[in-house]
1. Using only the Cα atoms of the range A:210-369, what are the Rg and Dmax in Å?
2. Given that compact globular proteins tend to follow 2.2 N^0.38 Å, what is the ratio of the alpha-carbon Rg of the range A:54-168 to that value?
3. Cα-Cα pairs above 34 Å in the protein assembly as shown: how many percent?
4. In the structure displayed, which of A:147/A:175; A:187/A:328; A:187/A:344 lie more than 22 Å apart, Cα to Cα?
5. With equal scatterers on the alpha carbons only and no solvent term, can you work out the Debye log10 of I(q)/I(0) for the range A:21-78 at 0.17, 0.19, 0.22, 0.31 1/Å?
6. Residue B:51 versus residue A:34, label points 7 Å from Cα toward the beta carbon: distance in nm?
7. I'd like the orientation of helix B:181-214 relative to chain B: the angle between its Cα long axis and the longest Cα principal axis, in ° from 0 to 90, rounded to 10.
8. So what is the 222 nm mean residue ellipticity for chain A from helices alone, if each DSSP H run of at least 4 adds -39500 (n - 2.57) and you divide by all residues, rounding to the nearest 500 deg cm²/dmol?
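Throughout, read-outs are computed from the coordinates displayed, never taken from laboratory work. Keep in mind that what you see is a predicted model, and the values were worked out from it rather than measured. Every residue, glycine among them, receives a Cβ derived from its backbone with ideal geometry; neighbour counts consider all protein chains shown.
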Amino acid sequence: MIICKDTPTTLTDSSIPALGMPTGSHLHIVGTNHKTGSIQMREALAKLWGGNIKGAMQAMRSRFGGRQSEICILSTCNRYEIYAVGDPGLGRDIKTALLAEVPVVTQDEAQALYAYQDEDALDHLFRVASGLDSMVIGETEILGQVKNAYEVACSLSYTKGILNTVMQKSLYVGKKTRTQTELSRGKISVASVALDLATKIYADFNTVTIAVVGAGAMGLETARNLLHSKPKSKIFLSRTLERAEALATEFGGTAKTLEDLPEVITASDILVTQLATETPVITQALLKPLLHGRQRALFILDIAMPRNVAEDVATLSGVYLYNLNDLKDICDANMRNRSGEVDKAVALIRQELSKFLPNYFRRLLTISR
Amino acid sequence: METMTLSLSCVLSCAAFLASCLYLFKRTPQAIGVWKTLLAASVGIHLIGFILRTADFWALSPVDRFFLPVNTFFGALSFLALVTNLFCLKLAHKHNISVLGVFVLPISLAAQAAALAFFAATIQPLDEKMHSALNIIHPLILMSTYGTLANAFAVAGAFLIQDWQIKSRRPGEFCWQIPSLEVLDRLNSRLMLIAVPLLALGILLGSLWARGAWGRLWGWDAKEIASLVTLLIYTSNITMRWAFGWRGRWSALMNLLGFASILLTFFVADLASKVHDYL
């Protein structure tokens, strides 16, 4: 839990005050994301004021002075959002200021910036924290990024009563949607699925030997999580020893050439293959004698196209063969499951929003007095 | 009285099974604690019932006061279910296998239900020939062994499902809930290593008792043959693992065969046996 100065007290009165809204305490969100803005625009926004979030927040403070009482900026590769508290026209003015700073050419680009206020802003923030607004639905990284943005703003004392309440609530909602729905369940990258499958075959990952056959980028990308999961040893095979040695130096392991393939198969538990060959390199004829007396399972990830491993190898006992399509199919199935959870997550956010709004408006009034 | 406690225990085991299924199918984490608690309650009530039955058994025939009431199908099945559930609780806790209940509890439930449905709970005094020091532990060792091997059978079943899931390249939701193949295979091996020497000891004690009671060590009776086949299956499994590095699917399949042989020994051979007209 992030603890900031002026952490709000919980208000129990759930009735929305009938009084008018205070004039200087509205929550505004102005920004763009992967759905509305181009990558060039997001880049341009991220580079504003020296590309530094602290600098950007200071610049916004000096620009809007007393009109803006609190500020926080969330900048990720897929979004750039400014959370500010101030008078009702502040959101519009921030939007104008941003458009003046970035090179906007077309009308579409000008439309890329959105501005939300109060209830709409809260709804948007809760969706962002829950991963519903992310490129990959339910991804968990965004929650850490929201938390980080809030911590930075907190450390500069740029957040007070409203943003402290709102940001902490968004972190709570972000966690709740993930635990009470299956929005973040199931891996959706081939590297993560490969690691998950390996953990369902082997008991202790630090007793496993991984061999990467071929030096292609896709093979290394697929094996990325496996290689970073502290296996017992890593072996890199390539057509040339120089290339294998380069990988062995980069990831820490031993280098071999293709002539050593049978010996490497015997020594390894997980085999990631990505060789550019017309015909399969690993066949039943090669594998059968090597499996004789073998005590551990052999998990083969064939990332190559055309495939390096003959299809009938999958029928051998103790051999688990997956190709890139299989891994992608699992990712797609997980993605479909996540999409199926969106409605549940949205309902949960609405429920949280309806509970939170009375407190929010009450808080605005408390501050304005 | 034991019918009532066994029925209650059976209901609790059934609820524990449903809760464990809830964890497997719906991935409800709270269900783990629920099924373990329900099973612990089931074991507790079952144990109380068994102690009361033992007290009645001893009261009925004071000469039987060193023996347990496992001389009828009802008593034997009840004891078998008790041991199986106890092992299940221990394994689920020690090895943190939250899905174990889904695989083990149907076996103990079947034993409890069969005892209640098909056999009378009446207490019978021991046959005259059974009054031997060897016979005090012979049935207890064998029943405990069967309970352990019932758990091994369930673990082997879980292994085969997991193996099939990963082999299929389309692993379903089960795959992510069931432990890794290596964990299941090792547990299977460990359970066999505990149970098989005890199985051999149990058969040996029975054989020594038979020499005193019937005047011969081994008579190739249906039950004796079936128990020897069971021992051979499990011993072969361990030997193949140790000597030839057998792992995984074949070992698990052989385990299933071994448990089928236990059932044959327990039920069919008993009916076919000419001399084992009591358990």
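1. That works out to 23.9, 83 Å for Rg and Dmax.
2. Working: Rg = 13.9 Å, N = 115, 2.2 N^0.38 = 13.4 Å.
So the Cα radius of gyration is 1.04 times the expected 2.2 N^0.38 Å.
3. On the way: 127339 of 209628 pairs.
When all Cα pairs of the protein assembly as shown are counted, 61 percent exceed 34 Å.
4. Working: A:147/A:175 11 Å; A:187/A:328 10 Å; A:187/A:344 19 Å.
With Cα atoms farther than 22 Å apart: none of A:147/A:175; A:187/A:328; A:187/A:344.
5. Per q value, in the given order, log10 I(q)/I(0) is -0.64, -0.76, -0.93, -1.30.
6. Taking the simple label geometry, residue B:51 and residue A:34 are separated by 6.2 nm.
7. Rounded to the nearest ten degrees, it is 10.
8. -15000 deg cm²/dmol, from helical runs alone.
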